[in-house]
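The values are calculated or read from the model by the stated rules, or taken from the named source; none is laboratory data. Since we're looking at a predicted model, the values are computed, not measured. Neighbour counts are summed over all protein chains in view; Cβ atoms, including those assigned to glycine, are modelled from backbone coordinates with ideal geometry.
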Amino acid sequence: MKARLRIALIGCGRVGIAIGFGLKRAGHRIVSVRDTNQSAERRARRLLLPRSAGPRPLTSDPHSSTPDLLLIATPDSQIARAYQALKPALIPGQTVVHFSGALTSRVFGNASQRRVAALSMHPVMTFAGRKPVNSFNGVYFTLEGKPKAVALGRQLVKSLGGRALLIRAADKPLFHAACVFVSNLLDVAIDAGVESCLRLGIKPRNAFDVLEPLIRQTLSNIHDLGTAQALTGPIERGDIATIRRHVAALRRRSPELLPLYAALSQGALRLARRKDSVSPAELRALRTAVSLPE
């Protein structure tokens, strides 16, 4: 990889700006930013380009602004469309990258026939709010593509301070589902806890604060012990009476949360069985207690 890559960014949302900013800080040069949202493009231009920079061509000129690397950081549904718009101007030797967790480098179709390297490079990180992620130190990136593209991806990840994890194209959707479980669906579970606190009259600004130490300690226990050994609570100890009280209270006061409680409790039963903390008879009784009637 060149010591200093010239990079064009297409898609100036949270992911694109965060990675573009990280690569700029690592010494690479952002030569162009593009977004259909003019406000997002102006913000990216302000953060990533030199103050004197005007619009830059993406490809096919002999000057130093021609990018070595094209980052497509659009939503998944727009990646193929963005690539099709760029394709006529691509030149041999360039690399095109997207950051989707579920899509593979095959979304770029015949890139290799044009002697353009295609790479999918997914950061195992969540991006929320307007403030860019300050650091990718220790963050894993899944890399998928042809060997030449993956080799470049390794260097990009290293320059960001991250860790590379090679993944097969066929395995990307399952790995992305794993990320959804521990991020998006964790958010859903915590929101259910906060919502339950609100039903008790706890003020919104205090509800998360009440639960936060429990959340943090649970994560610490999982880190130290693993998921099964970190499992505590009424299912882990076979406390059927408490489970029934939960179900009754939810049915009475938060019925919309009852299906989520039942689904997550079924998952807890699986962990309890792995931990071997309850007997087969207790497992059967617990399964009945958390099963919703048809």
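Before moving on, here are some points about what is shown:
- Which numbered condition Leu166 misses (of (1) without any contact (Cβ under 8 Å) to a residue 12 or more places away in the chain; (2) assigned by TED's automatic domain parsing to the domain that holds Val97): (1)
- In segment 270-277 there is at least one residue that is over 31 Å from the mean Cα position of the chain (by Cα) and among the polar types (S, T, N, Q).
- First in segment 276-290 and closer than 21 Å to Thr227 by Cβ, second anywhere and in a helix (DSSP H, G or I) and of a type in the set (Ser, Thr, Tyr), Cβ under 6 Å, 6 or more apart: Val290/Ser265
- Test: residue in segment 5-26 that is touching a Ser or Thr at 6+ places or on another chain (Cβ under 7 Å), in a loop (DSSP other than H, G, I, E, B) and not basic (Lys, Arg): yes
- Matching residues, segment 29-40, being crowded, with 17+ Cβ neighbours inside 10 Å and out of contact with any helix residue (DSSP H, G or I) (no Cβ under 7 Å at 6 or more places or on another chain): Arg29, Val31, Ser32, Ala40
- Output for segment 104-163, where each listed residue is among the aliphatic types (A, V, I, L, M) and within 16 Å of the chain's Cα centre (by Cα): Met121, Val124, Met125, Ala128, Val133, Val139, Leu143, Val157
- In the set (1) of a type in the set (A, V, I, L, M); (2) surrounded by fewer than 17 Cβ atoms within 10 Å (Cβ to Cβ); (3) part of a helix (DSSP H, G or I), the condition left unmet by Leu165 is number (3).
- Selected residue (criterion: surrounded by the fewest Cβ atoms within 10 Å (Cβ to Cβ)) from residues of segment 71-118 that are in contact with a helix residue (DSSP H, G or I) (Cβ under 8 Å, 6 or more places away or on another chain) and of a type in the set (Ser, Thr, Tyr): Thr104
- Checked against the criterion of being under 19 Å from Leu186 (Cα atoms) and in contact (Cβ under 8 Å) with a residue 60 or more places away in the chain, the candidates Leu271, Leu231, Leu260 yield just one match: Leu260.
- Scope segment 219-239; condition surrounded by fewer than 16 Cβ atoms within 10 Å (Cβ to Cβ) and either aliphatic (A, V, I, L, M) or assigned to a helix (DSSP H, G or I) (or both); matching residues: Leu219, Ser220, Asn221, Ile222, His223, Asp224, Leu225, Thr227, Gln229
- Segment 196-209, subset closer than 20 Å to Ala249 by Cα and among the hydrophobic types (A, V, I, L, M, F, W, C), residue surrounded by the fewest Cβ atoms within 10 Å (Cβ to Cβ): Leu200
- For segment 100-148, a tally of residues being modelled with pLDDT under 90, of a type in the set (Ser, Thr, Tyr) and closer than 22 Å to Gly161 by Cα returns 1.
- Verdict on Val139 being within 23 Å of Leu48 (Cβ to Cβ) and among the aliphatic types (A, V, I, L, M): yes
- Filter result (of a type outside the set (Gly, Ala, Ser) and either in a strand (DSSP E or B) or surrounded by 23 or more Cβ atoms within 10 Å (Cβ to Cβ) (or both)) within segment 119-133: Leu119, Met121, His122, Pro123
- Any hit, segment 134-153, residues being assigned by TED's automatic domain parsing to the domain that holds Leu47, of a type in the set (A, V, I, L, M, F, W, C), part of a loop (DSSP other than H, G, I, E, B) and in contact with an Asp or Glu (Cβ under 8 Å, 6 or more places away or on another chain): no
- Close pairs (7 angstrom Cβ cut-off, 6 or more residues apart or separate chains): under 23 Å from Pro173 (Cα atoms) in segment 120-139, at pLDDT below 75 anywhere: Met125/Val133; Phe127/Val133
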